[in-house]
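The values are calculated or read from the model by the stated rules, or taken from the named source; none is laboratory data. Everything numeric here is computed off the predicted structure, so don't read it as measured data. Virtual Cβ from ideal backbone geometry, glycine too; neighbours counted across all protein chains shown. These area figures cover heavy atoms from the full protein model, side chains too; ligands, DNA and RNA do not enter into them. Shrake-Rupley method; radii C 1.70, N 1.55, O 1.52, S 1.80 Å.
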Amino acid sequence: MISRKATIRNKLGLHARAASLFVKKAKGFASSIQVQKMTKTANGKSIMSMLMLEASLGTELELHVEGADEKEAILSLVECIELGFGEDE
């Protein structure tokens, strides 16, 4: 298992569209993906679980990825978060 932190940089945070994009990317990997915000943990492949994190601008998330493609998965998902889910703001 590997872990890495990423900070929410987009203005609207982890709202429905951003969470949907993250989950779509996560589902493309075989690895198990858990996303943690302080004491809350979410399944990175479940949009409802991700929305329950209530992660806003500036929130630090910690990703825990385990599986055959964990290195590729964590790089892709951290990049997704740090690039603001492809949003301009």
When the accessible area of the chain is split by element with a 1.4 Å probe, what percent falls to carbon and sulfur? 54 percent
On C-alpha positions alone, give me the angle between the axis of helix 16-27 and the longest principal axis of the chain, in degrees, nearest 10. 10 degrees
Below 8 Å between Cα atoms, with a sequence gap of 6+, how large is the relative contact order for the chain in percent? 46 percent
Accessible surface, the chain, averaged per residue in Å² (probe 1.4 Å): 56 Å²
What is the gain in length, in nm to one decimal, between Ser76 and Ser56 on full extension, counting 0.36 nm per residue of separation less the C-alpha to C-alpha distance? 5.2 nm
About the Cα centre, and with charges only on the beta carbon of Lys, Arg (+1) and Asp, Glu (-1), how big is the dipole of the chain? Nearest 20 debye, please. 200 debye
Count of lysine pairs, the chain, Cα-Cα under 17 Å, sep. 8 or more residues or interchain, comes to 10
Extension gain (nm, one decimal) between Ser32 and Leu83, 0.36 nm per residue minus Cα-Cα: 16.1 nm
So what is the 222 nm mean residue ellipticity for the chain from helices alone, if each DSSP H run of at least 4 adds -39500 (n - 2.57) and you divide by all residues, rounding to the nearest 500 deg cm²/dmol? -10000 deg cm²/dmol
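Just to confirm the filter: which GluC sites (Glu not before Pro) across the stretch 1-67 are DSSP coil and have at most 16 other Cβ within 10 angstrom of their Cβ? Provide the component values of the computation, followed by the final result.
Values: sites: Glu54, Glu60, Glu62, Glu66; in loops: Glu54.
Qualifying residues, ordered by number: Glu54.
Length gain on complete extension for the stretch Lys40 to Arg9, per 0.36 nm per residue less the alpha carbon to alpha carbon distance?
9.2 nm
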For the stretch 71-89, list residues with backbone N below 18 Å from a point placed 7 Å from the Cα of Arg17 toward its Cβ? 80-89
Counting only the heavy atoms of the protein chains, how much of Leu53 is accessible to a 1.4 Å probe, in Å² to the nearest 10? 0 Å²
